[in-house]
Amino acid sequence: MPSTAIVWLRRDLRLSDQPALHHAAAHHDVVVPVFVFAPEEEADWQPGAASRWWLHHSLTTLAARLAKLGSPLIVRTGPSLAALRTLVKETGAEAAYWNRLYEPAVIARDARIKEAMRADGLKAESFNGAVLFEPWELKTGAGEPYRVYSPMFRAAEARFDGIRKPLPAPKKLAAPSMALESTAIEALKLLPTIPWDSGFYEHWHPGEKGALQRLEQFATKPIATYKDLRDQPALDGAVSGLSPHLHFGEISPHQCFVRARQAQHELASAGAHGNIHHFIKELFWREFSHHLIYHYPKTPTEPMYARFAAFPWRKSKHYASDLKAWQQGRTGIPIVDAGMRQLWVTGWLHNRVRMIVASLLTKNLLIPWQEGAAWFWDTLVDASLPQNTLGWQWAAGCGADAAPYFRIFNPVLQGEKFDAEGSYVRTWVPELATLPVKFIHKPWEAPSEVRRAAGIGLDSVYAKPIIELMASRDRALAAFAELKAGSAA
Ligand SMILES: Cc1cc2nc3c(=O)[nH]c(=O)nc-3n(C[C@H](O)[C@H](O)[C@H](O)COP(=O)(O)OP(=O)(O)OC[C@H]3O[C@@H](n4cnc5c(N)ncnc54)[C@H](O)[C@@H]3O)c2cc1C
């Protein structure tokens, strides 16, 4: 009787550096890779529409690769425990392996499943395939979890040499002898029925091959200039674009880390300038976000610091229309509208612009960060609970290592600094394409003859932004002062 293991695939949709798969292939004769679709088990954080699009394509490419390797992907629907138990019965498996995830609802589900499978007499083991450091590995001097990025990064840096090398992909996998039923990926209905996703196909190649190609492309050149160019949203390819691949585990952080270090050697031996350190530091924000969500599991909905729960968000009759204008990229503030339209068309948004649009929503419009996080959740292909939570709480000023409350981004100045020629705005807000550089980030200041020449009529969105930037900045500062006074009382 051959020894059989099930590998339960989740957001680790790759073959190389895949600890659970590697372990199964090394210790068992037969390996059964299974994906169980059970979005309801992710509680309030079921994958949004853009993530579902990605998942469809990622599963499709993985299924093709597994079939070539010898053991086809089995797709089942939840509940996960019942689906796994059925598969154990059908295959006579003696072990089940998976890689760990760190979102609160998933941790609870996985712990229940591990316990139940062990009670069934099965060997159930989980592995680390998603983070360089497990959330419990790094602690402050006082033995507490970190709440600030820099000391955690320093603690990690001292241990960088101990980060494991990526594991090779199995060369072949033996499938079980019996025929197993598998749900067609199309039957999961992950793709939209209204085709809003056409722009995604131009921008993305979901799957491990696309991920490795992107890493290679980035590490052979742009990584050297990353520190200097990473804040300019108009520069295609200045940042890695790896976030959705990392989120779905089509590539591991170990692979990114090791390739980046190799790039450093390549640069040095070519006598070229450039330092990859900044890229590693950004990659580490992802680590920090996983650390935070593990230790502070309520943060996807509640501010990290409880005093912010009393923040005086704006109660206004314009709330719904302002939120909609922000979502649709119709605020009349060019860099914000460019970002929100890029997000809609491509499912991704440049980090600098994520910060700008989040600041406008939470500070100038005083709309709760949870609204922004929910919109990003649905529209981002890289929507990740740890990272989205960290990003939004940071922007709103209520989370770990947050921007100081008095730092309220001025989107005009941000645009002039990081999109100096206005190319990013011209790409995503074509109605401003012919506006002179001087006014591209503040069209409302353009004299009427300039506006007329650029075809921006007085009735357009760009007649007037939905919010007056200076007055709303003062109002946000007053709201923070009110909160401070309230918590001091
Ligand atoms: C409001 C807000 C919401 C965000 N939501 C998400 C999200 O849902 N999913 C997500 O992956 N990132 C999120 N980020 C972080 C960041 O914007 C993206 O990771 C980055 O823009 C992805 O592009 P890239 O892969 O080219 O990044 P690169 O600059 O090439 O960085 C490499 C990798 O490091 C990680 N990383 C980089 N910057 C950050 C950061 N500030 N925080 C956490 N991880 C980082 C990402 O995994 C990224 O792929 C958010 C940021 C903000 C301000």
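The values are calculated or read from the model by the stated rules, or taken from the named source; none is laboratory data. Nothing here was measured: the structure is a model prediction, and the numbers come from that model. Every residue, glycine as well, gets a Cβ built from its backbone with ideal geometry; the counts of neighbours run over all protein chains shown. Calculation scope for accessible area: heavy atoms of the full protein, side chains included, ligands and nucleic acids excluded. Shrake-Rupley method; radii C 1.70, N 1.55, O 1.52, S 1.80 Å.
Summarised in one figure, the compactness ratio Rg/Rh of the range 306-488, Cα atoms and Kirkwood Rh, is 0.97.
Here the contact order of the range 88-162, divided by its residue count and restricted to Cα pairs under 8 Å and six or more residues apart, works out to 27 percent.
Karplus-derived 3J(HN,Hα) values for the range 375-392, using 6.51 cos²θ - 1.76 cosθ + 1.60 with θ = phi - 60°, are 5, 4, 4, 7, 9, 7, 6, 9, 3, 10, 4, x, 6, 5, 5, 4, x, 6 Hz; glycine and proline are entered as x. The relative contact order of the range 306-488 comes to 27 percent, based on Cα pairs under 8 Å that sit 6 or more residues apart. Note on the range 276-382: Rg/Rh from Cα positions, Kirkwood definition for Rh, rounded to two decimals, is 0.99. Rounded to the nearest Hz, the phi-derived 3J(HN,Hα) couplings of the range 29-41 under the Karplus curve 6.51 cos²θ - 1.76 cosθ + 1.60 (θ = phi - 60°) are 7, 10, 10, 10, x, 10, 10, 10, 8, 8, x, 4, 7, where x marks glycine and proline. By the Kirkwood approach, averaging reciprocal distances over each pair of separate Cα atoms, the chain gets a hydrodynamic radius of 24.2 Å. Listed by chain and number, the aspartates and glutamates whose C-alpha is less than 16 Å from the C-alpha of Lys209, apart from same-chain residues fewer than 8 away, are Asp12, Asp17, Glu250. In this structure, Thr434 and Lys189 have a Cβ-Cβ separation that, at R0 = 56 Å, corresponds to a calculated FRET efficiency of about 0.85. Residues Thr140, Thr389 ordered from highest to lowest accessible area at a 1.4 Å probe: Thr140, Thr389.
Counting only residues at least eight positions apart within a chain, or on another chain, the aspartates and glutamates with an alpha carbon under 15 Å from that of Lys89 are Asp120, Glu181.
Normalised Debye scattering of the range 438-489 at q = 0.21, 0.28 Å⁻¹ gives log10 I(q)/I(0) of -0.75, -1.02, counting only Cα atoms as equal scatterers and leaving out solvent. Applied to the range 195-211, the Karplus parametrisation 6.51 cos²θ - 1.76 cosθ + 1.60 on θ = phi - 60° returns per-residue 3J(HN,Hα) values of x, 8, 9, 4, x, 5, 5, 6, 9, 9, 10, x, x, 4, 5, x, 5 Hz, with x for Gly and Pro.
As a length-normalised measure over Cα pairs under 8 Å and 6 or more apart, the relative contact order of the chain settles at 17 percent. For the range 2-146, the Cα-based Rg and Dmax, in that order, read 15.7, 51 Å.
Over 25 Å apart at the Cα level, from the set Lys281/Lys363; Lys315/Lys464; Lys315/Lys417; Lys139/Lys165; Lys363/Lys484; Lys317/Lys464, are Lys281/Lys363; Lys315/Lys417.
Nearest 0.05, what FRET efficiency do Arg65 and Arg314 give at R0 = 51 Å with Cβ-Cβ as r? Efficiency for this residue pair is about 0.55.
Where the centroid of each part is defined by its Cα atoms, how far is the range 310-352 from the range 83-149 in Å? If we compute the Cα centre of each part, the gap is 37 Å.
Close amide H pairs (under 5 Å, H built 1.01 Å from N) link Trp348 with Val381, residues at least 5 positions away or on another chain. Relative intensity of the range 219-351 on a log10 scale, I(q)/I(0) at q = 0.09, 0.12 Å⁻¹, equals -0.42, -0.70, per a Debye sum over C-alpha point scatterers of equal strength in the absence of solvent.
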